Amino acid sequence: MRGKQMMAVKQPNSGERVWVDRATGEVINLDRAYAESDRQMAASRRKQAQWAAAGLSGPARNWYVLVVEPGADIPVDSDLVSRKVETWVPLDTFLSKPRPGREQSARSQLAIPGYVFVHIEATDDVLQSLLATDGVVAPIGGWTMPKPVHDKDIGTLRAFLALSPFERKKRIRAEAKASRNIAVGAAVRIVNHPAEGHAGVVIREGRDGCLRIDVAMMGGTVAMNVPVANLQIIG
């Protein structure tokens with residue numbers, strides 16, 4: 001017989017079953033090998049059950065926002081969708097600039113880079129599965145008490161992204177006018193937004209009627225663009 005040859009040997013005094021590799025002399029404990037295989041299969045079944053639970057519909061499910069590593073938005077979304085988890089990555093669709101001899105085309109870009117929305121039941125098992133997902137940093141609010149996002153706020157964001165360019169510019173101009181009352185360095189609180197309830201400090205003006213805010217969360221600060229309409233001055 002070519003290649004690796006194995007032969008059975010008598011059970012040792014301990015009662016354990018073993019195989020001996022004739023080529024290397026390595027002794028393989030079959031009982032331990034089978035036990036390890038069973039352990040790995042059980043762990044795999046538990047993980048599959050956790051992901052299945054995450055995708056189940058029911059009154060306990062809520063929207064949560066996952067903070068992801070730079071550039072990991074789409075990979076994380078694809079990974080979760082493959083496990084039948086309901087997700088949403090907000091995309092901003094716009095028309096490309098007209099060029100001679102070319103028609104305008106619709107393009108999409110991430111509306112809120114660095115964040116992926118998930119609709120789950122935030123049980124310990126489901127959160128452990130999210131924690132093990134490549135590219136996921138943490139949910140807003142932290143792993144112990146992730147902060148749910150109201151359906152109303154999801155609807156508000158979807159509605160804004162669905163506005164026509166004209167309607168969006170009109171709203172942006174109104175918010176830009178309101179932003180003059182919020183100075184750089186002002187302490188603010190976020191309202192009617194996925195990060196509702198968090199406080200931060202204005203660090204500079206952003207784009208499209210937003211202000212760039214250093215938001216205190218997860219034991220540190222996270223910089224994000226927040227529309228002026230979703231900010232309240234503290235004090």
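Would it be correct to say that Val116 is under 17 Å from Val149 (Cβ atoms), in contact with a helix residue (DSSP H, G or I) (Cβ under 8 Å, 6 or more places away or on another chain), free of Cβ contacts under 8 Å to residues at least 60 places away in the same chain and of a type in the set (A, V, I, L, M)? Yes, satisfied. Checking each residue in the stretch 82-113 for being over 18 Å from Asp153 (Cβ atoms), surrounded by 13 or more Cβ atoms within 10 Å (Cβ to Cβ) and at pLDDT 90 or above picks out only Val85. Taking the listed residues Val215, Val191, the one that is surrounded by 13 or more Cβ atoms within 10 Å (Cβ to Cβ) and within 27 Å of Pro75 (Cβ to Cβ) is Val215, with no other qualifying.
Scoring Arg61 on the criteria (1) modelled with pLDDT of 80 or more; (2) over 21 Å from His150 (Cβ atoms) leaves a single failure, condition (2). Of the strands (runs of 3 or more DSSP E) lying entirely inside the stretch 117-235, those carrying at least 1 residues that are touching a Gly at 6+ places or on another chain (Cβ under 7 Å) and on the phi < 0 side of the Ramachandran plot are 187-190, 199-205, 210-217, 220-227.
The values are calculated or read from the model by the stated rules, or taken from the named source; none is laboratory data. Note that the structure is a prediction, hence the values are computed from the model and not measured. Every residue, glycine among them, receives a Cβ derived from its backbone with ideal geometry; neighbour counts consider all protein chains shown.
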